[in-house]
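Peer 1: To start, I am sharing the structure in question, which I have written as structure tokens.
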Amino acid sequence: MKKVTMLFATLLFSIMVTAQSSVTVSREWTSFSQFLDIQSKTKKKFKVTASVKVVTEDEQAWAGVWARVDNSEGGMGFFDNMGDRPITSNKWQSYTVEGTIDNSSKRLNFGGLCLMNGKFYFDDYKLFIENDKGVLEEVPVDNASFETVVDNNVIPKWSQGVSKGKIVKVEEYNVTSTIDTAEGNSALLIEGSGIVPEIVSIGDIEGASPQIGNMISMLEDLKNRVESRVKNMSIYELDHLHDENANRIGALIMHLAAAEAYYQVATFEGRNFNDEENEKWGAAMSLDQAGRDQFKGHDAKYYLDIYNEVRAKTIEELKKRDDKWFEEQQPSFGWTNEYCWFHVMEHQSSHLGQILFLAKRIPPEAKLELPENIKN
């Protein structure tokens, strides 16, 4: 671990790639990063610079230099990934991200990212942090110019992903070194291929009336966001309890399925859960201690299969109905059928936010170190 002492703070590089867990995912973007644990009693400026170029025929492809400040209470402070000024030039140029840290800052994260198909080149990273004299002072960055070359898709001294403690390898991207550089003998080359952009729209669902189709597409969009966030999570992550009153992420997925199952019987059949259904869904509906006790030890597929089974029935039943049915009122609620299903949709959105909050606060899983005599 490298120690950098400055007048205003003590900064500790926390790049422990060998101790990180690794997952492989499929998606339209990838990133790499370094992490700097940071303390400052006063507000200070920082600056990250890097040389980047993009060679692509994909109109949606772009790259960025990014930086994020994590706060001591788990929230996010400054963030910029150049999404408002994407890098698309095929010539080497230097780019800058500037931000601030303060007395609530805990960690500075920085690196590069790229989206869609093409060749994305990165080189010559520099980090500057303001000292007590108001001068931006350079802080060493490990393997800043990628002179230590990539080995088996792993970037030495950098982490792949945007979070400390986890290496995220993306199937659509190949990571290598290149002699096409902005400076020095080597640069980083990330090449994306075979990525087909998803067309996102509301409505136009085959076999559904217009308003029913709109609702189905919005329900599906939110379910897809939940699924995208949790599908690569480990059992350890799905089972983590933020505190004694919190819910596990696995239990929250079950809660989404249970609530949707309830509105199925309420709107499609005009009744409440029967005894059998209460037995099946009761713990997931209430999310009290019974939910904390019952929903653990399962992988993401277990929860998502249940969620998707419920959703398949929702879509099947909604397609049997038309926009006129949406206007009908449920006597027990005083709500129209459309509002009932709007509630299911915003319920998903609410708990997606909770899942995202909890996911950011999961500590790295402790590794079990066995004594040598047991290993052998």
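The values are calculated or read from the model by the stated rules, or taken from the named source; none is laboratory data. This structure is a prediction, so every number in the text was calculated from the model and none was measured. Backbone-built Cβ (ideal geometry, glycine too); neighbour counts: all protein chains shown. Remember, those area values only see protein heavy atoms, side chains included, never the ligands or the DNA or RNA. Shrake-Rupley method; radii C 1.70, N 1.55, O 1.52, S 1.80 Å.
Peer 1: Enter the accessible area per residue of segment 28-93 (Å², integer; probe 1.4 Å; all protein chains in place). If you can, show how the numbers build up before the last one.
Peer 2: On the way: 3250 Å² over 66 residues.
For segment 28-93, the per-residue accessible area is 49 Å².
Peer 1: Calculate the dipole size of the chain relative to its Cα centre from +1 charges on Lys and Arg beta carbons and -1 charges on Asp and Glu beta carbons; express the result in debye to the nearest 20.
Peer 2: Values: 41 positive and 57 negative charges, 279 e Å.
Its charge dipole is roughly 1340 debye.
Peer 1: Any idea what angle helix 275-286 forms with the longest principal axis of the chain, computed on alpha-carbon atoms, 0 to 90 degrees, nearest 10?
Peer 2: Helix 275-286 sits at roughly 30 degrees to that axis.
Peer 1: Same structure, new question: For segment 187-242, report the convex hull volume of the alpha-carbon atoms normalised per residue, in Å³, without decimals. Could you put the intermediate results ahead of the total?
Peer 2: Values: hull volume 10.1 nm³, N = 56.
Each residue corresponds to 180 Å³ of Cα convex hull volume.
Peer 1: Heavy atoms of the protein only, probe of 1.4 Å, neighbouring chains included. What is the accessible area of Asp80 in Å², nearest 10?
Peer 2: 30 Å²
Peer 1: Once you put a point 7 Å from the Cα of Asn174 and another 7 Å from the Cα of Asn232, both along the Cβ direction, what distance in nm separates them?
Peer 2: Placing both labels 7 Å beyond Cα along the Cβ direction yields 2.0 nm.
Peer 1: Right, here's the next one. Could you pull the accessible area for Phe79 with a 1.4 Å probe, rounded to 10 Å²?
Peer 2: Counting only protein heavy atoms, the figure is 100 Å².
Peer 1: A follow-up question, please. What's the FRET efficiency of Arg271 with Lys319 using the Cβ-Cβ distance as r and R₀ = 22 Å, to the nearest 0.05? Mind showing how you got there, number by number?
Peer 2: On the way: r = 21 Å, r/R0 = 0.96.
In this case the efficiency is close to 0.55.
Peer 1: Using a 1.4 Å probe on the protein chains only, how many percent of the accessible area of the chain belongs to carbon and sulfur? Display every interim value, and only then the final one.
Peer 2: Details: 9270 of 19280 Å².
In the chain, the share of accessible area belonging to carbon and sulfur is 48 percent.
Peer 1: Place the peptides 210-220, 149-159 in order of packing, highest mean first, counting for every residue the other Cβ atoms within 10 Å and averaging per peptide. Walk me through the intermediate numbers first.
Peer 2: On the way: 210-220: 18.7, 149-159: 16.7.
Ranked from most to least packed, the peptides come out as 210-220, 149-159.
Peer 1: Applying 1/(1 + (r/R0)^6) with R0 = 30 Å to the Cβ-Cβ distance of Tyr339 and Gln294, what FRET efficiency is obtained, to the nearest 0.05? Intermediate results must be reported in sequence, preceding the final value.
Peer 2: Numbers: r = 31 Å, r/R0 = 1.03.
So the FRET efficiency works out to roughly 0.45.
Peer 1: Next question. Which residue, chosen from Ser105, Asn224, Val25, occupies the Cα position most advanced towards the positive end of the dipole of the chain, where the dipole is computed from +1 (Lys, Arg) and -1 (Asp, Glu) charges on Cβ about the Cα centre?
Peer 2: Ser105
Peer 1: Contour minus end-to-end for Thr148 and Glu183, with contour as 0.36 nm per residue of separation and end-to-end as the Cα-Cα distance?
Peer 2: 11.2 nm
Peer 1: Starting from the exponent 0.38 and prefactor 2.2 Å, build the expected Rg for segment 60-206 from its residue count and divide its actual Cα Rg by it.
Peer 2: 1.17
Peer 1: Please build a GNM for the chain, connecting alpha carbons under 10 Å apart, and tell me which residue among Gln34, Gln289, Gln348 fluctuates the most.
Peer 2: Largest GNM mean-square fluctuation: Gln289.
Peer 1: Here's something else I'd like to know. Which whole-number percentage describes the relative contact order of segment 207-292, with Cα contacts under 8 Å and a sequence gap of 6 or more? Before the final figure, lay out the partial values.
Peer 2: On the way: 41 pairs, mean separation 20.3, N = 86.
Relative contact order for segment 207-292 comes out at 24 percent.
Peer 1: In deg cm²/dmol and to the nearest 500, what is the mean residue ellipticity at 222 nm of the chain if only DSSP H runs of at least 4 residues count, each as -39500 (n - 2.57), divided by the residue total? Before the final figure, lay out the partial values.
Peer 2: On the way: 9 runs with 116 residues, N = 376.
Roughly -10000 deg cm²/dmol at 222 nm, from the helical runs in the chain.
Peer 1: Roughly what angle does helix 210-230 make with the longest principal axis of the chain, taking Cα atoms, 0 to 90 degrees, to the nearest 10?
Peer 2: Helix 210-230 and the main axis of the chain meet at about 50 degrees.
Peer 1: For the pair Gln329/Ser349, report the inter-label distance in nm, with labels modelled 7 Å from Cα in the Cβ direction.
Peer 2: Using points 7 Å along Cα→Cβ, the separation is 2.5 nm.
Peer 1: Does anyone have the angle between helix 337-359 and the longest principal axis of the chain? Alpha-carbon axes, 0 to 90°, nearest 10?
Peer 2: Approximately 30 degrees, to the nearest 10.
Peer 1: Let me ask something additional. With respect to the cross-link table entries Lys106/Lys223; Lys44/Lys126; Lys45/Lys126; Lys231/Lys296; Lys47/Lys133; Lys45/Lys169, which display a Cα-Cα separation exceeding 26 Å? Mind dumping the intermediate values first?
Peer 2: Numbers: Lys106/Lys223 33 Å; Lys44/Lys126 17 Å; Lys45/Lys126 14 Å; Lys231/Lys296 15 Å; Lys47/Lys133 16 Å; Lys45/Lys169 32 Å.
Exceeds cut-off: Lys106/Lys223; Lys45/Lys169.
Peer 1: A further question on this structure: Counting only C-alpha contacts under 8 Å and six or more residues apart, can you give the relative contact order of segment 69-115 as a whole percent?
Peer 2: On the way: 36 pairs, mean separation 26.4, N = 47.
Worked out over segment 69-115, it gives 56 percent.
Peer 1: Mind checking which of Leu318, Gly64, Gln329 is farthest towards the positive end of the chain's charge dipole, using Cβ charges of +1 (Lys, Arg) and -1 (Asp, Glu) about the Cα centre?
Peer 2: So the residue furthest toward the plus end is Gly64.
Peer 1: What does the net charge come to around Ala187 if you take all other residues with beta carbon closer than 12 Å to its beta carbon, with K and R at +1 and D and E at -1? Before the final figure, lay out each step's value.
Peer 2: Working: positive: Lys53, Lys119; negative: Asp123, Asp124, Glu147, Asp180, Glu183.
Residues close to Ala187 contribute a combined charge of -3.
Peer 1: Beyond 39 Å, what share of the Cα-Cα pairs of the chain is found? Please give it as a whole percent.
Peer 2: Details: 21502 of 70500 pairs.
Everything past 39 Å amounts to 30 percent.
Peer 1: What is the magnitude of the charge dipole of segment 108-215 about its Cα centre, with +1 placed on the Cβ of each Lys and Arg, -1 on the Cβ of each Asp and Glu, and no other charges, expressed in debye to the nearest 20? Let's see the in-between values first.
Peer 2: Details: 7 positive and 17 negative charges, 57 e Å.
For this selection, approximately 280 debye.
Peer 1: Here's something else I'd like to know. Give me the base-10 log of I(q)/I(0) for segment 89-139 at each q in 0.30 Å⁻¹, Debye formula, one uniform scatterer per Cα, rounded to two decimals.
Peer 2: Here log10 of I(q) over I(0) equals -1.44.
Peer 1: Beyond 23 Å, what share of the Cα-Cα pairs of segment 214-328 is found? Please give it as a whole percent.
Peer 2: Numbers: 2202 of 6555 pairs.
In whole percent, the share of Cα-Cα pairs in segment 214-328 beyond 23 Å is 34.
Peer 1: Another question, then. Hey, got a sec? Which GluC sites (Glu not before Pro) in segment 48-108 land in a DSSP loop and have at most 15 other Cβ atoms within 10 Å? Mind showing how you got there, number by number?
Peer 2: Details: sites: Glu57, Glu59, Glu73, Glu98; in loops: Glu57, Glu59, Glu73.
Passing both the DSSP loop test and the Cβ count: Glu57, Glu59, Glu73.
Peer 1: On to the next question. At a probe radius of 1.4 Å, what is the per-residue accessible area of Tyr263, in Å² to the nearest 10?
Peer 2: Counting only protein heavy atoms, Tyr263 exposes about 30 Å² to solvent.
Peer 1: Let me ask something else about it. Determine the dipole magnitude for segment 10-148: charges of +1 sit on the beta-carbon of Lys and Arg, -1 on that of Asp and Glu, nothing else is charged, the reference point is the Cα centre, and the result goes in debye to the nearest 20. Present the calculation step by step, with values, prior to reporting the outcome.
Peer 2: Details: 15 positive and 19 negative charges, 46 e Å.
Using only the charged Cβ atoms, the result is roughly 220 debye.
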